[in-house]
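These notes concern the structure reproduced below.
The values are calculated or read from the model by the stated rules, or taken from the named source; none is laboratory data. Being a predicted model, the structure only gives us computed values, none of them experimental. When we count neighbours, we look across all protein chains shown, and the Cβ atoms used for this are built from the backbone with ideal geometry, even at glycine. Each accessible area value is taken on the protein alone, full model and side chains, heavy atoms only, with ligands, DNA and RNA left out. Shrake-Rupley method; radii C 1.70, N 1.55, O 1.52, S 1.80 Å.
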Amino acid sequence: EIPYEVMISMDKLPWTMRAPRKSMPEFYIDEVLPILMRRRALQLTKFDYRLTNELDEELQKLRCRVNFHALRFKKSIQTLGKKLVRRLRVMSSRYVAIHLRFEPDMLAFSGCYYGGGEKERKELAEIRKRWDTLPDLSAEDERTRGKCPLTPHEIGLMLRALGFGNETYLYVASGEIYGGEETLRPLRELFPNFYTKEMLAGDDLKPFLPFSSRLAAVDFIVCDESDVFVTNNNGNMAKVLAGRRRYMGHKRTIRPNTKKLNALFQTRNQTGWDTFSQKVKKVQRGLMGEPDDPRHGRDDFHEMPSSCICQRVPVNRSATIQTRNLLAQAR
């Protein structure tokens, strides 16, 4: 909210504008700042990815301060999120959070096929008509390229293959799931200790129900506090969570290798469990959230804010240096 003393001094409501994608700092100095100075308040819409990643390191550090310190959820959102975390911790000292994007419009936009037969094809095709500029896509090609988010069942199989037992507590952060409970059933069967914000919050969630962004914020808090975070997508929320978990102190974030996992899922029925598990572990190397996982791709500042994460000397390396110093002194 705009501070009251600023609001009463304004002749008009705050000016709203949208910056082009990947804008350089000069755009904000030349185009945005004059309006801000003149009107005292300015709303930048769709701002999350409007600033280029090709910034000076000192500006990136400032960006980290804004991303991870200056911007905070309202107290009511923080209170409910922390309450859900406490309720999970009472049941288990550790839990895994899954950010599960599987909404109908998201699936339709992807152009993928998820095994629901002709009914699914017709329903998703009808939703795709909302976008006039979407190209015709081959569902098979998109899956082969690794562009299709994993289904709830596939996420469950991946986790079990990686060694998470059926006693593991899962928190599933999601919006509307295409296919509802029937789609979630295979994941529930693999992990019976299955919870969502609706299950944990009860009546406490009622004031939030009309606001999808507030519901997502509650999910964000519970996912951020989890011991392991898993995502079936590469969206903004998943990227910012991964980056925050690196920046605020390392916690494991698992990113599925969808391209290689797809081939394993297609032959799952012809492969024994032990062999399947070994192959899943192999394709997931480097994507398991280790502190030194390799950096993948470009334009991934939100997920890999390396310019503002302190570089720590490994324990064994510092011990080696200390030993060398003692030997030098002895000589």
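ARG94 fulfils the conditions (1) within 28 Å of PHE194 (Cα to Cα); (2) out of contact with any helix residue (DSSP H, G or I) (no Cβ under 9 Å at 6 or more places or on another chain); (3) open to solvent by less than 70 Å² (accessible area, probe 1.4 Å); (4) not hydroxyl-bearing (Ser, Thr, Tyr) except for a single criterion, (3).
Confirm whether GLU126 is surrounded by fewer than 13 Cβ atoms within 10 Å (Cβ to Cβ) and more than 22 Å from PHE229 (Cβ to Cβ). It is true that GLU126 is surrounded by fewer than 13 Cβ atoms within 10 Å (Cβ to Cβ) and more than 22 Å from PHE229 (Cβ to Cβ). In the set ARG21, ARG63, ARG39, only one residue is touching a residue at least 40 places away in the same chain (Cβ under 8 Å) and either open to solvent by 60 Å² or more (accessible area, probe 1.4 Å) or at negative phi (or both); that residue is ARG63. Of the helices (runs of 4 or more DSSP H) entirely within region 167-271, those holding at least 3 residues that are assigned by the TED database to the domain that holds MET91 and in contact with a Pro (Cβ under 8 Å, 6 or more places away or on another chain) occupy 180-190, 236-247. Check whether at least one residue in region 134-148 is over 29 Å from TYR49 (Cα atoms), at pLDDT 95 or above and open to solvent by 30 Å² or more (accessible area, probe 1.4 Å), and report yes or no. No, the conditions are met nowhere in region 134-148.
If you go through region 171-211 and pick out every residue that is more than 20 Å from the chain's Cα centre (by Cα), surrounded by 12 or more Cβ atoms within 10 Å (Cβ to Cβ) and among the hydrophobic types (A, V, I, L, M, F, W, C), you end up with 7. Cβ-Cβ distances below 6 Å connect the following pairs, each with a first residue in region 139-158 that is of a type in the set (D, E, K, R), a second residue that is in a helix (DSSP H, G or I), and a separation of six or more residues or different chains: ARG143/ASN262; GLU154/PHE265.
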